[in-house]
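Just below is one structure, and these are the notes that go with it.
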Amino acid sequence: MKKIIIYTPYTPSHPGAAGVRVHYLANALSEKGHNPLILSPADGKGLSLALRIRHENPSLVIGTAPPLPPLWWIWLGSRLSIAPFVLDAKEDGRAMDILSRSSHSVKEFLFLSLRKWIYTHADALWFLTESDRQEARSQYGIDSSRLTLVTNGTDPRLVFDAVQRKKMRQEWKVSSQDYVILYAGSIGDEDLEGLLDSLPSISRREIWVFVLASDQSPANQVLKKKLQEKMRKKIPRSIIRENIPIGEMGPILSGGDIGIVPWRNSLPTSLPVKVFDYAGTGLPVVAKAPAGGELDCFLKAHPTWGKSVDSWDAFHQLLSSKKPSPSGRKLRAQAIHADWDRPSIMRKAVEWLDEKRLLL
């Protein structure tokens with residue numbers, strides 16, 4: 001049995017995509033007979049974290065990003081342990097924003113230097129999308145044999161349930177003429193402000209359900225309060241729920257008619273996990289995303305999942321169209337699960353580590 005450290009800013013107990021990813025990675029490692037140990041900022045910072053890793057004497061260290069700065073210490077801990085280091089590199093809006101500009105401040109230059117160091121010194125790198133993998137190759141000249149895709153996928157705990165749909169819509173006081181628009185995501189990750197600021201007049205038949213994941217940081221709480229005030233002011237029938245565990249999301253998603261993705265233009269290389277969460281219950285997607293980006297291309301390649309547009313006007317026109325029928329959602333969700341099962345994806349990622357002889 002090999003001890004494998006996974007460093008993550010968001011543990012499996014934290015609501016949100018990053019915690020769910022770590023949950024299934026740890027499960028896949030355990031299934032192969034390994035002993036995964038999850039470390040987070042609560043277990044130390046800086047040199048103390050590197051020394052904690054050295055004390056554990058792992059056979060492999062996996063670090064998830066963003067944020068990027070703590071991973072230098074994770075890399076150092078792996079080297080002190082003489083253990084390979086794998087970077088699980090998810091989308092990073094800060095990096096994409098800085099790289100899009102020709103001139104940088106001293107702080108930004110140091111950040112880019114740190115990014116280059118971690119990318120080029122990792123023994124292997126995982127990416128969510130092909131765009132991110134290609135960016136690493138072109139930006140830093142990393143050999144393709146060290147890079148692989150470990151995509152997001154649907155969570156088997158998210159299934160469409162007609163009985164639960166009826167219960168949720170009764171709880172929300174939804175009539176047969178009403179239309180439920182649902183958002184599930186972390187505060188600050190997406191352009192909820194742009195969505196709310198661009199809202200036209202809302203029909204009384206529209207019910208907007210916001211399932212928000214938030215932490216207790218001052219900045220997060222300030223933004224949450226601002227968003228909640230706008231929701232209540234601009235949407236006559238809005239419902240706000242917070243920090244719902246993924247295991248309890250199935251009934252909520254079953255109750256919706258449309259799942260929305262107000263994606264930021266600064267993240268064209270990203271494919272948000274909520275697309276898979278919605279699809280897990282057969283919930284159609286309406287996304288506002290940069291044209292030609294990963295999300296836009298994915299939905300064009302999978303038109304039964306939903307549709308992407310690149311302006312708020314077009315986005316709101318889609319939402320105002322006739323609501324889709326819930327009939328057939330169960331069969332549709334089952335078909336999607338078969339191709340995009342998250343546990344299977346993580347098992348393949350662990351098999352890739354074996355193939356690369358990183359788990360010897």
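Just a few scattered comments:
- Considering residues of region 96-121 that are open to solvent by less than 40 Å² (accessible area, probe 1.4 Å) and either among the aromatic types (Phe, Trp, Tyr) or within 24 Å of residue 272 (Cβ to Cβ) (or both) only, the residue nearest to the chain's Cα centre (by Cα): 96
- Residue-level analysis places residue 350 among those that are of a type in the set (Val, Ile, Thr) and modelled with pLDDT of 95 or more.
- Within region 290-306, no residue that is more than 11 Å from residue 267 (Cα to Cα) sits with its Cβ atom under 7 Å from a residue that is among the acidic types (Asp, Glu) and open to solvent by less than 70 Å² (accessible area, probe 1.4 Å) at 6+ positions apart or across chains.
- Being open to solvent by less than 70 Å² (accessible area, probe 1.4 Å), assigned to a loop (DSSP other than H, G, I, E, B) and either touching a Gly at 6+ places or on another chain (Cβ under 9 Å) or under 15 Å from residue 8 (Cβ atoms) (or both) is a property that residue 87 lacks.
- Number of residues in region 21-37 that are open to solvent by 10 Å² or more (accessible area, probe 1.4 Å) and touching a residue at least 40 places away in the same chain (Cβ under 8 Å) equals 5.
- Single unsatisfied condition, residue 309 versus (1) among the β-branched types (Val, Ile, Thr); (2) surrounded by 19 or more Cβ atoms within 10 Å (Cβ to Cβ); (3) more than 26 Å from residue 25 (Cα to Cα): (2)
- Of all residues making up region 207-238, the number that are surrounded by fewer than 20 Cβ atoms within 10 Å (Cβ to Cβ) and in a strand (DSSP E or B): 1
- Residue under evaluation residue 292, criteria (1) at positive phi; (2) open to solvent by 50 Å² or more (accessible area, probe 1.4 Å); (3) within 17 Å of the chain's Cα centre (by Cα), criterion not met: (3)
The values are calculated or read from the model by the stated rules, or taken from the named source; none is laboratory data. Keep in mind that what you see is a predicted model, and the values were worked out from it rather than measured. Positions of Cβ are generated from backbone atoms using ideal geometry, with glycine treated the same way; all protein chains shown enter the neighbour counts. For the accessible areas, the whole protein counts, side chains as well, though only heavy atoms, and no ligand, DNA or RNA atoms are used. Shrake-Rupley method; radii C 1.70, N 1.55, O 1.52, S 1.80 Å.
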